[in-house]
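This report refers to the structure that appears directly beneath it.
The values are calculated or read from the model by the stated rules, or taken from the named source; none is laboratory data. The shown structure was predicted, so the numbers you read here are calculated from the model rather than taken from an experiment. Cβ coordinates were reconstructed from backbone atoms using ideal geometry, including for glycine residues, and neighbour counts include every protein chain displayed. Side chains included, ligands, DNA and RNA excluded: accessible areas come from the protein's heavy atoms. Shrake-Rupley method; radii C 1.70, N 1.55, O 1.52, S 1.80 Å.
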Amino acid sequence: MKIIGVGRNYTDHIKELQNEKPSEPVIFLKPNTSLLKNNSPFYHPDFSNNIHYETELVLRISKEGKNIEEKFAGKYFDGIGIGIDFTARDLQDKAKEKGLPWTLAKGFNGSAPVSEILPLSNFSDLKNIHFSLKINNEERQKAHSGMMLFTFERIISYISKFILLKKGDLIFTGTPAGVDKIKIGDKLEAYIENEKMLEVEIK
Ligand code: MG
């Protein structure tokens, strides 16, 4: 499986990092070794002093597809979970400055904690899925899927023009405002609606 990330998909987050609004989805990859499951702890690496959390809805691809038309894209995912797109902001800022790839800033070990994936039947309206993040019991991010610049269908259609999607692939769909640095000892808790889906301790 592979993990595909979408950057700059929420206007309020684009503003907080002073990025430009993209005309097409911004796509990057995280290797499958970045996946962290079962509420495993995250061990803070020493190559970064500024790892940010980014809470995101995560789509699970249900069948192989390429050049998927947007109107059919809804048939290519079967579940939604929540994940944290950990980002070494210091490394990313350096890379951005020089126009270099984000691979190490986004793809380090354990940089993609993901919850259990809920079947689509759990959701009555895909354009109105609320999610949030608490750190040490304080709410830090809160948004809903209707705030995305690019819809789930648009993202899947766009990626599939370039990259063959396969069953089991995960797509991180972008983060809203409120990103910030993690520190050792923090306890992150991510929610879909009012249900706690994911817990990550920073060690
Ligand atoms: Mg992200």
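Any residue at all in the range 113-127 that's under 17 Å from Leu198 (Cβ atoms), among the charged types (D, E, K, R) and within 16 Å of the ligand (Cβ to nearest atom)?
no
Given the options Ser23, Ser40, name the one that is assigned to a loop (DSSP other than H, G, I, E, B), more than 11 Å from the ligand (Cβ to nearest atom), under 22 Å from Glu189 (Cα atoms) and small (Gly, Ala, Ser).
Just one listed residue meets the conditions, Ser40.
Inspect the range 91-100 for any residue being within 16 Å of the ligand (Cβ to nearest atom), touching a strand residue (DSSP E or B) at 6+ places or on another chain (Cβ under 8 Å) and polar (S, T, N, Q) and give the result as yes or no. Give the steps one after another, and end with the answer.
Step one: list which residues in the range 91-100 are within 16 Å of the ligand (Cβ to nearest atom), which gives 91-93, 95-96.
If we keep only those that are touching a strand residue (DSSP E or B) at 6+ places or on another chain (Cβ under 8 Å) too, we end up with none.
So far as the range 91-100 goes, no, none of its residues is within 16 Å of the ligand (Cβ to nearest atom), touching a strand residue (DSSP E or B) at 6+ places or on another chain (Cβ under 8 Å) and polar (S, T, N, Q).
Considering each residue of the range 74-108, count those that are of a type in the set (Ser, Thr, Tyr) and closer than 25 Å to Leu120 by Cα, and give that number.
Count: 1.
If Leu29 satisfies all but one of (1) under 18 Å from Ala105 (Cβ atoms); (2) open to solvent by 30 Å² or more (accessible area, probe 1.4 Å); (3) assigned to a loop (DSSP other than H, G, I, E, B); (4) modelled with pLDDT of 95 or more, what's the number of the condition it fails?
Tallying (1) under 18 Å from Ala105 (Cβ atoms); (2) open to solvent by 30 Å² or more (accessible area, probe 1.4 Å); (3) assigned to a loop (DSSP other than H, G, I, E, B); (4) modelled with pLDDT of 95 or more, Leu29 fails exactly one: (3).
I'd like the full set of residues that are within 16 Å of the ligand (Cβ to nearest atom), open to solvent by less than 30 Å² (accessible area, probe 1.4 Å) and either free of Cβ contacts under 8 Å to residues at least 40 places away in the same chain or part of a loop (DSSP other than H, G, I, E, B) (or both), limited to the range 43-70.
Selection gives Ser48, Glu54.
Considering the range 74-90 alone, what residues qualify as being of a type in the set (A, V, I, L, M, F, W, C) and within 14 Å of the ligand (Cβ to nearest atom)?
Answer for the range 74-90, where residues must be of a type in the set (A, V, I, L, M, F, W, C) and within 14 Å of the ligand (Cβ to nearest atom): Ile82, Ile84, Phe86, Ala88.
Taking Arg89 and the conditions (1) crowded, with 18+ Cβ neighbours inside 10 Å; (2) among the charged types (D, E, K, R); (3) over 21 Å from Gln141 (Cα atoms), which numbered condition does it fall short on, given that it satisfies the others?
Every condition holds for Arg89 apart from (3).
Restricting to strands (runs of 3 or more DSSP E) lying wholly in the range 97-203: which have 2 or more residues that are open to solvent by 10 Å² or more (accessible area, probe 1.4 Å) and at pLDDT 95 or above? Outline the logic, then answer.
Details: elements: 130-135, 138-144, 170-172, 187-192, 195-201.
Hits in the range 97-203: 130-135, 138-144, 187-192, 195-201.
Please state which one of Gly81, Gly74 is among the small types (Gly, Ala, Ser), part of a helix (DSSP H, G or I) and more than 18 Å from Leu17 (Cβ to Cβ).
Exactly one residue qualifies, and that residue is Gly74.
Considering the range 2-20 alone, what residues qualify as being away from the ligand (no atom under 14 Å from the Cβ) and on the phi > 0 side of the Ramachandran plot?
Once the filter is applied, which keeps residues that are away from the ligand (no atom under 14 Å from the Cβ) and on the phi > 0 side of the Ramachandran plot, the range 2-20 yields only Gln18.
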